[in-house]
Amino acid sequence: MHDESRRQFLKSSVSAACAATLAGTLGKSLVAARPSPALPIKKGVLLDMLPANLSYADRLKLAREIGFEVLQAPTEPDEHKAEELKKAADGAQIRIDSVMNMDHWKYPLSSSDPSVVEKSLAGMRTSLHNAKVWGSDVVLLVPAVLNPQTSYREAWTRSQHEIRKLLPLAEELKVVIAMEEVWNRFLLSPLEMATYIDEFQSPWVKAWFDVGNVVLYGYPQDWIRTLGPRIVKVHLKDFKRNKDSYAWVNLGEGDIDWPAVREAFAAINYAGSATVELPAGDEAYLRDVSHRVDHLLLGRA
């Protein structure tokens, strides 16, 4: 699903569940999932999760006060807004550690249309330059999108061909391009994703692992152990499979085996960031989300 649809789906599926738990009662499953010692993972939040009615400065100050250490921001083509966000981050002492590229759904690199591909490349170049301005070390990329006009093999070869064009800039700016596994009918197993990344033979291509995106057809802990050191950043969300339906739910209320996920991250010595990708909300909601990450993943009190 593309970025806008993913946000709407997450919002509609999770918001009701979130509202019911803002008092901070995490439930037995969350308490049971809190092991020790704590993992050396930095807790992150999406810029779009913070209250939009606040200024950049106030949004980032709130995020830092709640306990988030890093921020993921979307591509920002306006240089003045990019500088404003950087200033706000510095003032709040919160690092913008990654950029979510915004053009890969509308203009996929796997398209057969050269004009579409060029727009996608241009969006990635903007994202890479944003990363340099913000001091980020990673840009998230959905590498390809399958559709009736694009076969699996075509998506694989076309996207790799185009991504290789971006590697000189990534190396120059010292920014990793991280592939995310998402509902794009592509890279449907950890073995495929590992092979896809390894074929670049470049330190500037890694994996962005989303814990919730694979629950429908796999197990996050298996993906983590298989991808291993290829994982450079992480998204956190939860997913519930019912008999005749499925839905995104609040952290700790879905089918993810959080102790197993935590053990897998410990096994590969993951020490990067884990950024929550959930609907936006007010301070009470964000504090609840932060507390859930502490209990479920980080092993903090």
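The values are calculated or read from the model by the stated rules, or taken from the named source; none is laboratory data. If you're wondering where the values come from, they're calculated on a predicted model, not measured in any experiment. Note that we place each Cβ from the backbone using ideal geometry, even for glycine, and neighbour counts take in every protein chain shown. In case anyone asks, the SASA skips ligands and DNA or RNA and just uses the protein heavy atoms, side chains included. Shrake-Rupley method; radii C 1.70, N 1.55, O 1.52, S 1.80 Å.
Here is how the numbers come out for the structure above:
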quantity: Phe186 in a strand (DSSP E or B), open to solvent by less than 10 Å² (accessible area, probe 1.4 Å) and either at pLDDT below 95 or among the hydrophobic types (A, V, I, L, M, F, W, C) (or both); calculated: no
quantity: Subset of region 129-144 (residues that are crowded, with 22+ Cβ neighbours inside 10 Å and part of a helix (DSSP H, G or I)); calculated: Asn130, Ala131, Trp134
quantity: Residue within region 167-174 that is farther than 16 Å from Asp48 by Cβ, exposed (fewer than 14 other Cβ atoms within 10 Å of the Cβ), among the aliphatic types (A, V, I, L, M) and within 22 Å of the chain's Cα centre (by Cα) present; calculated: no
quantity: Residue match in region 263-273 (condition: buried (at least 20 other Cβ atoms within 10 Å of the Cβ) and free of Cβ contacts under 8 Å to residues at least 40 places away in the same chain); calculated: no
quantity: Matching entry among Thr21, Thr25 (being over 21 Å from Asp210 (Cβ atoms), hydroxyl-bearing (Ser, Thr, Tyr), open to solvent by less than 30 Å² (accessible area, probe 1.4 Å) and at pLDDT below 95); calculated: Thr21
quantity: Tabulated pairs, region 75-97, first among the acidic types (Asp, Glu), second surrounded by 15 or more Cβ atoms within 10 Å (Cβ to Cβ), C-beta under 6 angstrom, 6+ apart or interchain; calculated: Glu76/Ala82; Glu76/Asn130; Glu84/Tyr56; Asp97/Val70; Asp97/Ser136; Asp97/Ser273
quantity: Pair list, Cβ < 6 Å and 6+ apart or interchain, from region 279-300 residues that are in contact (Cβ under 8 Å) with a residue 24 or more places away in the chain to residues that are among the β-branched types (Val, Ile, Thr) and assigned to a helix (DSSP H, G or I); calculated: Pro279/Val14; Leu286/Ile66; Arg287/Ile66; Ser290/Ile66
quantity: Selection count where residues are over 26 Å from Met179 (Cα atoms) and not in a helix (DSSP H, G or I), scope region 59-108; calculated: 2
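Listed here are the residues, each with its yes/no results for (1) in contact with a Leu (Cβ under 8 Å, 6 or more places away or on another chain); (2) buried (at least 17 other Cβ atoms within 10 Å of the Cβ).
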residue	(1), (2)
Phe200	yes, no
Trp204	yes, yes
Ala207	yes, yes
Val214	no, yes
Asp222	no, no
Lys233	yes, yes
Asp238	yes, yes
Asn242	no, no
